[in-house]
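Asker: Quick one: the structure is below, questions incoming.
The values are calculated or read from the model by the stated rules, or taken from the named source; none is laboratory data. In this text, all values refer to a predicted model and were calculated from it rather than measured experimentally. With ideal geometry, Cβ positions are generated from the backbone for all residues, glycine too; neighbour counts draw on all protein chains shown.
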Amino acid sequence: MVTRFLPLWTNIRCKYAAESIREDFSSTPIDVVADVKTEKIIVLGGSGFVGSAICKAAVSNGIEVISLSRSGRPSYSESWIDQVTWTTGDVFYANWEQLLNGATAMVSTIGGFGSEVQMKKINGEANVTAVDAAMKFGVPKFILISVHDYNFPSFLLSSGYFTGKRQAESEVLSKFPNSGVVLRPGFIYGKRRVDGFEIPLDLIGEPLEKFLKAIENYTKSLNSLPGSDILLAPPVSVDDVAFAVISAIKDDNFFGVFTIEQIKEAAASVRA
């Protein structure tokens, strides 16, 4: 059974000198070394739907970003894209020593569907390979984008997709017990680019999220029914997932498994 840790966020307040205190700028200057924490992250699948949102959010927060994906640099043009280092490659053959040099966190958005063998390899083995590489080369934190279990019966969770994801989760939580992060979103919506076309998933996801929020007090009694989450689990915006990742990168008290609602809470803490 995977142990879940609740997120803790700390409030950082700026301190100012009292008005009654005068500063003497004519005195001899004192050398002060600022305690500045710089972040450098590796995003696996950074050119994909979720990965690109994470890269964009990281850039906007002053974080250095390197993306590793099979497709490399996105074909469309936006200002933040020029601020990401795009690397074309495969996790099974990556030059990890060079790629992870100086990295403070690795974020994996790797996942996909296909045959049982393909799903176990993509969702499980590929992520496990990345976790082991991060551990070997001293990356302090690993963040995995996983999936909500939808309250499915156990026999439905035995598919290669879910078993692969849970294998990856276990690897993250065992290798990074105090800094590993597993985000379990449900349906992720936003504007998704596929082969040059933009699919507005937000036209479905956003109103559905608001509707389910409005009726949640009436549907709580149904949550224990097997598979009920197929209809009742609220969608999550891709930006919320991205900002939850930013929260995880910046907050050392942020680790463990995070549910849909906790993802939204984490995102809100960054937006505030």
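Asker: Kindly provide the set of residues from the stretch 153-202 that are polar (S, T, N, Q), touching a Lys or Arg at 6+ places or on another chain (Cβ under 7 Å) and either at pLDDT 95 or above or under 21 Å from MET106 (Cα atoms) (or both), ordered by number.
Answerer: Residue satisfying the conditions is SER179 alone.
Asker: Right, another one. Within the stretch 66-105, which residues are in contact (Cβ under 8 Å) with a residue 60 or more places away in the chain, under 25 Å from LYS141 (Cα atoms) and exposed (fewer than 14 other Cβ atoms within 10 Å of the Cβ)?
Answerer: Residues of the stretch 66-105 in contact (Cβ under 8 Å) with a residue 60 or more places away in the chain: 74-76, 102-105.
Adding the requirement that they be under 25 Å from LYS141 (Cα atoms) leaves 102-105.
Residue satisfying the conditions is GLY102 alone.
Conditions tested, residue by residue: (1) out of contact with any strand residue (DSSP E or B) (no Cβ under 9 Å at 6 or more places or on another chain); (2) under 20 Å from PHE49 (Cα atoms); (3) surrounded by 13 or more Cβ atoms within 10 Å (Cβ to Cβ).
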position: ALA133; (1), (2), (3): no, no, yes
position: LYS141; (1), (2), (3): no, no, yes
position: SER158; (1), (2), (3): yes, no, no
position: PRO185; (1), (2), (3): no, yes, yes
position: VAL194; (1), (2), (3): yes, yes, no
position: LEU201; (1), (2), (3): no, yes, yes
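Asker: While we're here: Could you please find all residues in the stretch 226-249 being surrounded by fewer than 21 Cβ atoms within 10 Å (Cβ to Cβ) and either touching an Asp or Glu at 6+ places or on another chain (Cβ under 7 Å) or in a strand (DSSP E or B) (or both)?
Answerer: To start, the set of residues in the stretch 226-249 that are surrounded by fewer than 21 Cβ atoms within 10 Å (Cβ to Cβ) comprises 226-234, 239.
PRO234, the sole residue that qualifies.
Asker: Something else about it: Out of the residues in the stretch 123-161 that are among the β-branched types (Val, Ile, Thr) and not in a loop (DSSP other than H, G, I, E, B), state the one that is nearest to THR259 (Cα to Cα). Spell out the reasoning first.
Answerer: Initial filter on the stretch 123-161 (among the β-branched types (Val, Ile, Thr)): 128-129, 131, 139, 143, 145, 147.
When the remaining residues are screened for being not in a loop (DSSP other than H, G, I, E, B), the result is 128-129, 131, 143, 145.
Details: VAL128: 21, THR129: 24, VAL131: 21, ILE143: 14, ILE145: 11 Å.
The extreme case among them is ILE145.
Asker: Okay, moving on. Return yes or no: is SER154 surrounded by 12 or more Cβ atoms within 10 Å (Cβ to Cβ), over 28 Å from PHE137 (Cβ atoms) and polar (S, T, N, Q)? Talk me through it step by step, then tell me what you get.
Answerer: Values: surrounded by 12 or more Cβ atoms within 10 Å (Cβ to Cβ): no; over 28 Å from PHE137 (Cβ atoms): yes; polar (S, T, N, Q): yes.
Spelling it out, it is not the case that SER154 is surrounded by 12 or more Cβ atoms within 10 Å (Cβ to Cβ), over 28 Å from PHE137 (Cβ atoms) and polar (S, T, N, Q).
Asker: A further question on this structure: In the stretch 250-270, how many residues are assigned to a helix (DSSP H, G or I) and in contact with a helix residue (DSSP H, G or I) (Cβ under 6 Å, 6 or more places away or on another chain)?
Answerer: We begin by selecting, within the stretch 250-270, every residue assigned to a helix (DSSP H, G or I); these are 250, 260-270.
Filter once more, so that each one left must be in contact with a helix residue (DSSP H, G or I) (Cβ under 6 Å, 6 or more places away or on another chain): 263-264, 266-267, 269-270.
Going through the stretch 250-270 one residue at a time, the tally reaches 6.
Asker: It is to be established whether one or more residues within the stretch 54-71 are modelled with pLDDT under 95 and among the basic types (Lys, Arg).
Answerer: Checking the stretch 54-71: at least one residue is modelled with pLDDT under 95 and among the basic types (Lys, Arg).
Asker: Kindly establish whether SER108 is buried (at least 20 other Cβ atoms within 10 Å of the Cβ) and in contact with a helix residue (DSSP H, G or I) (Cβ under 6 Å, 6 or more places away or on another chain). Quick ask: steps written out before the conclusion?
Answerer: On the way: buried (at least 20 other Cβ atoms within 10 Å of the Cβ): yes; in contact with a helix residue (DSSP H, G or I) (Cβ under 6 Å, 6 or more places away or on another chain): yes.
Yes, satisfied.
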